[in-house]
Amino acid sequence: MKKLLIANRGEIALRVMRTAKEMGIKTVAVYSEADRKALHVRYADEAVCIGPPPSNQSYLLGDKIIEVALATGADAIHPGYGFLSENSHFAKKVKEAGLIFVGPSAESMEIMGSKIGAKQAVSKFNVPLVPGTQEALRDIKEAKKIAGTIGYPVLVKASAGGGGKGMRVVNSETEFEAAIKGAQSEALASFGDDSVFIEKFVSSPKHIEIQILGDQHGNIVYLFERECSIQRRHQKLVEEAPSSCLTPEIRKKMGEAAVNVAKAAHYFSAGTVEFLVDEKLNFYFLEMNTRLQVEHPVTEQIVGLDLVKEQIRIARGEKLGYTQDEIKIHGHAIELRVCAEDPMNDFLPDIGKLITYKTPQGYGVRVEDSFEAGMDIPIQYDPMIAKLITFGSNREEAIKRMIRAIADYQISGIETTLPFGNFVMHHPSFVKGDFNTKFIETHFKPEMLKQKSEAHNEIAAFSAGDLFFEYEGKQGAAIIENTSSNWLLKRKMN
Ligand code: MV4
């Protein structure tokens with residue numbers, strides 16, 4: 001591999017290019033008209049504009065991207081996450097064009113692209129599944145009988161689903177038929193496939209996922225888990241590795257189950273096996289993501305492997321070169337997604353210009369971003385500005401470092417999820433590790449940030465007076481000027 005095209009934008013495009021550079025591989029960026037000044041365009045050895053801002057006219061144009069790869073003499077394509085990363089047709093076309101797809105085979109992607117297909121594939125591989133059906137429902141009467149046997153509440157899920165679309169909780173038999181029909185029509189409209197199935201509804205689960213790596217010679221290892229339970233409407237906000245709730249025994253069992261899932265799909269490259277974990281730490285396979293994930297850095301920090309480098313080595317046909325026994329957990333890592341969303345206003349996207357943008361620095365802090373002060377947040381794409389990752393020798397240290405890094409992060413011009421991250425890091429349930437996917441609806445109200453913000457404002461106002469008194473006429477007072485947000489004010493005072 002001599003030249004790699006990155007079929008993506010933003011922080012992940014930069015993330016992949018940095019590793020390619022370290023490996024002596026040239027890089028080609030593709031970009032939309034909205035991204036002319038983007039950092040991934042500047043960082044790459046070459047960059048080609050592929051179309052107007054909307055992703056369906058740029059970053060989703062697989063054929064055009066393959067043409068660009070061939071025209072620039074690239075020999076491989078890395079899809080990043082999102083966009084074309086889980087599109088098996090694209091992976092197939094890349095291969096047919098004589099290029100290396102840095103990811104799994106199109107066949108593995110196809111199996112895991114269907115939830116029913118995935119459940120069927122893993123059923124002979126000793127992987128715990130939520131009790132339910134393993135075929136698309138056809139006959140309502142028959143389905144009702146099965147639901148009765150499983151016991152209510154049950155969950156209706158779309159086979160092609162994602163992000164909770166086509167999902168319905170059914171509490172009793174009287175609601176059953178309407179729920180099935182609703183889920184089917186929603187699935188048809190969203191995915192062009194109305195296949196649905198049912199599962200026992202696991203209430204208040206934890207979301208724990210296992211990172212795996214497989215080579216093209218049949219070697220597969222697990223790189224332990226990430227806990228991703230702090231999410232809102234299927235959007236993860238905080239992730240960490242390892243999980244604070246697993247015992248070494250369950251960790252090993254989940255890791256081995258994840259390896260079995262990968263084996264069932266003859267999987268190679270990096271992949272993630274998602275599990276639901278209930279209060280008694282029973283775990284159930286949910287689905288497999290056949291891409292590098294947003295939250296992969298927390299795994300990198302605790303195992304000491306560069307996952308993009310591993311993906312590239314695997315794509316070149318190299319062997320893993322290490323065994324399961326050689327992979328150990330070192331310390332603890334936490335990631336906060338810094339999004340241009342206002343946590344005080346229902347997490348609504350907040351677009352605009354980054355007036356101040358200064359990232360935290362120092363030991364145990366990693367920032368993956370693709371912005372500079374003065375840049376606009378484009379409205380066409382994901383609202384994630386950055387991933388803030390902290391790591392320490394244990395969870396407590398990683399949490400304290402995250403609090404410090406949030407305080408050191410200076411952003412003005414737009415609202416972000418930083419204050420929400422600060423709220424989570426201070427919350428007793430989070431600190432204790434006693435939380436699940438219901439964390440936000442159970443513990444968070446926007447007023448809590450407002451109160452905090454006002455409290456800080458008061459402290460700030462009080463100290464501002466103090467400072468002014470003490471430092472009148474000196475530089476100390478001048479720092480307090482020109483602040484637009486209370487958070488910023490507080491930070492500058494400290
Ligand atoms: C479930 C579940 C409870 N029981 N399945 C949501 C997205 C989809 N990929 C799977 N999801 C769930 N499946 C059963 N049988 C609860 C969820 C769920 C969830 C899962 C992981 C993380 C956050 C979630 C939020 C709501 C519901």
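The values are calculated or read from the model by the stated rules, or taken from the named source; none is laboratory data. Predicted model, so just to flag it, every value in this text is computed and none were measured. For neighbour counting, all protein chains shown are included, and Cβ atoms are generated from backbone atoms with ideal geometry for every residue, glycine included. To get the accessible areas, we keep the full protein, side chains included, count just its heavy atoms, and leave off ligands, DNA and RNA. Shrake-Rupley method; radii C 1.70, N 1.55, O 1.52, S 1.80 Å.
Quick notes
- Members of segment 226-252 found to be open to solvent by 10 Å² or more (accessible area, probe 1.4 Å) and either within 12 Å of the ligand (Cβ to nearest atom) or free of Cβ contacts under 8 Å to residues at least 12 places away in the same chain (or both), listed by number: 231, 232, 233, 234, 235, 236, 248, 249, 252
- For segment 35-64, a residue qualifies if it is assigned to a helix (DSSP H, G or I) and within 19 Å of residue 378 (Cβ to Cβ), and the qualifying residues are 35, 39, 40, 41, 42, 43, 55, 56, 57.
- Test for residue 112: is it open to solvent by 10 Å² or more (accessible area, probe 1.4 Å), assigned to a loop (DSSP other than H, G, I, E, B) and in contact with an Asp or Glu (Cβ under 8 Å, 6 or more places away or on another chain): no
- Of the strands (runs of 3 or more DSSP E) entirely within segment 329-437, those holding at least 3 residues that are touching a Ser or Thr at 6+ places or on another chain (Cβ under 7 Å) and open to solvent by less than 10 Å² (accessible area, probe 1.4 Å) occupy 332-339.
- Restricting attention to segment 402-428, the residues being among the small types (Gly, Ala, Ser) and closer than 20 Å to residue 233 by Cβ number 1.
- The criterion of being open to solvent by less than 20 Å² (accessible area, probe 1.4 Å), in the same structural domain as residue 244 (by TED's automatic domain parsing), in contact (Cβ under 8 Å) with a residue 12 or more places away in the chain and farther than 17 Å from residue 243 by Cβ does not hold for residue 293.
- Candidates are the residues of segment 72-102 that are hydroxyl-bearing (Ser, Thr, Tyr) and touching a residue at least 40 places away in the same chain (Cβ under 8 Å); the one that is surrounded by the fewest Cβ atoms within 10 Å (Cβ to Cβ) is 72.
- Subset of segment 53-69 [in contact with a strand residue (DSSP E or B) (Cβ under 7 Å, 6 or more places away or on another chain) and charged (D, E, K, R)]: 64
- Residue in segment 298-319 that is assigned to a helix (DSSP H, G or I), open to solvent by 10 Å² or more (accessible area, probe 1.4 Å) and either small (Gly, Ala, Ser) or within 16 Å of the ligand (Cβ to nearest atom) (or both) present: yes
- Exactly one residue among 371, 347 is of a type in the set (Phe, Trp, Tyr) and either touching a helix residue (DSSP H, G or I) at 6+ places or on another chain (Cβ under 6 Å) or under 19 Å from residue 11 (Cβ atoms) (or both), and that residue is 371.
- Scanning segment 18-34 for residues that are more than 22 Å from residue 383 (Cβ to Cβ) and touching a Phe, Trp or Tyr at 6+ places or on another chain (Cβ under 9 Å) yields a total of 3.
- Residue that is least open to solvent (accessible area, probe 1.4 Å) [pool: residues in segment 253-282 that are away from the ligand (no atom under 12 Å from the Cβ) and among the aromatic types (Phe, Trp, Tyr)]: 267
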